[in-house]
Amino acid sequence: MTFSESLVEFVKRWEGLKLEASPDPLVAGVWDVGHGHVLRSEARPHITREEADKLLREDLAAFSAAVDEMAKPTLAQHEHDALVSLAYNVGAKAVETSTLMRRLNNNDFYGAADEFLRWNRAGGRIVAGLVKRRQAEQSMLEEADYTGSP
């Protein structure tokens with residue numbers, strides 16, 4: 001399964017746009033650019049909007065493939081998108097080893113939806129923006145027509 005255009009817009013709203021690389025405000029030592037693209041090198045680029053969009057789509061494709069690998073049940077598009085958004089934000093490995101994924105793979109979609117709300121911390125503290133994003137992702141998992149924003 002691939003990500004939807006709705007997910008692209010969802011992630012853009014939550015991540016914003018940075019054309020200059022800068023430190024991630026929530027993760028020490030991590031730099032990002034564009035719509036939350038994590039930099040893997042020391043280079044600190046300046047990019048265009050088009051490059052930011054291209055990076056986002058490439059990243060979402062990779063996280064989409066990771067979700068396809070880790071999720072056992074057949075997912076509806078909105079369920080897949082919710083998991084891709086979470087993985088994009090916290091990392092695929094974190095989602096793969098989570099209680100959320102264990103519940104989902106046991107076909108406990110309600111239990112999995114409840115787990116989204118636990119992913120609300122950065123640096124050991126609860127972050128209001130993460131609380132809101134997790135609520136939006138939880139709603140996306142539960143509702144096919146969700147289009148929430150920050």
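The values are calculated or read from the model by the stated rules, or taken from the named source; none is laboratory data. A quick note: this is a predicted structure, and the numbers were derived from the prediction, not measured. Positions of Cβ are backbone-derived with ideal geometry, glycine not excepted, and every protein chain shown enters the neighbour counts.
Between Leu39, Leu100, which is of a type in the set (A, V, I, L, M) and touching a strand residue (DSSP E or B) at 6+ places or on another chain (Cβ under 6 Å)? Before the answer, list the steps.
On the way: Leu100 fails: touching a strand residue (DSSP E or B) at 6+ places or on another chain (Cβ under 6 Å).
Within the list Leu39, Leu100, the selection yields Leu39.
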Out of region 112-128, which residues are at pLDDT 95 or above, surrounded by fewer than 17 Cβ atoms within 10 Å (Cβ to Cβ) and of a type outside the set (Lys, Arg)? Asp114, Leu117, Ile126, Val127, Ala128
Criterion first (under 18 Å from Arg133 (Cβ atoms) and of a type in the set (Val, Ile, Thr)) does Val84 satisfy it? yes
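Give region 6-44 a look and list any residue that's within 15 Å of Ala82 (Cβ to Cβ) and of a type outside the set (Lys, Arg), or say none. First the steps, then the outcome.
Let us first name the residues in region 6-44 that are within 15 Å of Ala82 (Cβ to Cβ), namely 6-11, 13-14.
The answer is Ser6, Leu7, Val8, Glu9, Phe10, Val11, Trp14.
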Scanning region 112-134 residue by residue, those closer than 24 Å to Ala71 by Cα and not charged (D, E, K, R) turn out to be Ala112, Ala113, Phe116, Leu117, Trp119, Asn120, Leu130, Val131
Based on this model, can you work out whether Asp59 counts as under 16 Å from Thr2 (Cα atoms), in contact with a His (Cβ under 7 Å, 6 or more places away or on another chain) and either of a type outside the set (Asp, Glu) or surrounded by fewer than 21 Cβ atoms within 10 Å (Cβ to Cβ) (or both)? yes
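Could you please let me know if Leu39 is surrounded by 14 or more Cβ atoms within 10 Å (Cβ to Cβ) and either of a type in the set (Phe, Trp, Tyr) or out of contact with any helix residue (DSSP H, G or I) (no Cβ under 6 Å at 6 or more places or on another chain) (or both)? If you could, list the steps in order and put the result at the bottom.
On the way: surrounded by 14 or more Cβ atoms within 10 Å (Cβ to Cβ): yes; either of a type in the set (Phe, Trp, Tyr) or out of contact with any helix residue (DSSP H, G or I) (no Cβ under 6 Å at 6 or more places or on another chain) (or both): yes.
Spelling it out, Leu39 is indeed surrounded by 14 or more Cβ atoms within 10 Å (Cβ to Cβ) and either of a type in the set (Phe, Trp, Tyr) or out of contact with any helix residue (DSSP H, G or I) (no Cβ under 6 Å at 6 or more places or on another chain) (or both).
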